[in-house]
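The values are calculated or read from the model by the stated rules, or taken from the named source; none is laboratory data. Owing to the predicted nature of the structure, the values given are computational and were not obtained by experimental measurement. Note that each Cβ is placed from the backbone with ideal geometry, even for glycine, and that neighbours are counted across all protein chains shown. Please note that ligands, DNA and RNA were not included when accessible areas were found on the heavy atoms of the full protein model with its side chains. Shrake-Rupley method; radii C 1.70, N 1.55, O 1.52, S 1.80 Å.
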Amino acid sequence: MKERKNWKDLYPTPIYTLASFDIKLPRSLKEKTYYVLKSKNWVNVVPVTKSGEILLIKQYRHGIGEDSLEIPGGIVDEEGPGSELESAIRELREETGYATNQSQYKLLSKFSGNPAMFTNWSYSYVAYDVEPMYEVEFDEGEDIEIVLKKPEEVKRLLLDGTIHHPHMVAALGIYFLLSEAKSK
């Protein structure tokens, strides 16, 4: 790993901090300043009901000014071992009221949302046998609609671009690849 020196937090917000650092790349003879967005890690979960349906959520996204069809997810607020799984369990419960036994959660993947500018990682889980068990606990500004779809319907929504959030596409794509590999 290359040494990043002189970290400076330039502009903090509640979600990201614009930061800079200096680095000397191997082909360069001088240091150059780069800018990144520091963020806590993210998490999402592919919830699968006992009947095999996939639970999706529809919510308004300020960036595009439209509703977006996604899977539950959010920011990993805690730190330390197991914090990503705890956050996945919490996000599913808070956003949908659905839950399952912790043993029914499996890590699908850890990936970088955009390694060119973000410092964090995103963790994707699958949760099997989810069912409604709690009242929803929306964050301020959340207005979420639950949408249950059969796997074939979700595949069509991925292919036609209805599900377009890249972290959701990645999680669902890995889920389907692993599901198909298990069925062979």
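Structure summary
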read-out	value
Residues satisfying the stated conditions in segment 23-40, i.e. over 14 Å from residue 117 (Cα atoms) and either open to solvent by less than 30 Å² (accessible area, probe 1.4 Å) or part of a loop (DSSP other than H, G, I, E, B) (or both)	23, 24, 25, 26, 27, 28, 29, 30, 31
Residues within segment 114-131 that are in a strand (DSSP E or B) and more than 15 Å from residue 45 (Cβ to Cβ), tallied	1
Conditions (1) aliphatic (A, V, I, L, M); (2) more than 12 Å from the chain's Cα centre (by Cα); (3) outside any helix (DSSP H, G or I): number failed by residue 89	(3)
Residues (within 18 Å of residue 71 (Cβ to Cβ) and exposed (fewer than 14 other Cβ atoms within 10 Å of the Cβ)) located in segment 107-128	107, 110
In segment 40-67, the residues that are closer than 15 Å to residue 92 by Cα and of a type in the set (A, V, I, L, M, F, W, C)	42, 43, 45, 46, 48, 54, 55, 56, 57
Test: residue in segment 6-15 that is assigned to a strand (DSSP E or B), of a type in the set (Lys, Arg) and open to solvent by 80 Å² or more (accessible area, probe 1.4 Å)	yes
Within segment 81-97, tally of residues that are small (Gly, Ala, Ser) and farther than 16 Å from residue 107 by Cβ	1
Subset tally (residues that are open to solvent by 90 Å² or more (accessible area, probe 1.4 Å), in a loop (DSSP other than H, G, I, E, B) and modelled with pLDDT of 95 or more) for segment 139-184	2
Qualifying residue in segment 47-58 (condition: modelled with pLDDT of 95 or more, exposed (fewer than 14 other Cβ atoms within 10 Å of the Cβ) and either assigned to a strand (DSSP E or B) or touching a Leu at 6+ places or on another chain (Cβ under 8 Å) (or both))	yes
Evaluation of residue 134 against (1) in contact with a helix residue (DSSP H, G or I) (Cβ under 9 Å, 6 or more places away or on another chain); (2) open to solvent by less than 80 Å² (accessible area, probe 1.4 Å); (3) over 22 Å from residue 15 (Cα atoms); (4) outside any strand (DSSP E or B) (one fails), failing number	(2)
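Condition check ((1) in contact with a Gly (Cβ under 9 Å, 6 or more places away or on another chain); (2) touching a residue at least 40 places away in the same chain (Cβ under 8 Å)) across all residues:
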site: 56; (1), (2): no, yes
site: 65; (1), (2): no, no
site: 68; (1), (2): no, yes
site: 71; (1), (2): no, yes
site: 80; (1), (2): no, no
site: 88; (1), (2): yes, yes
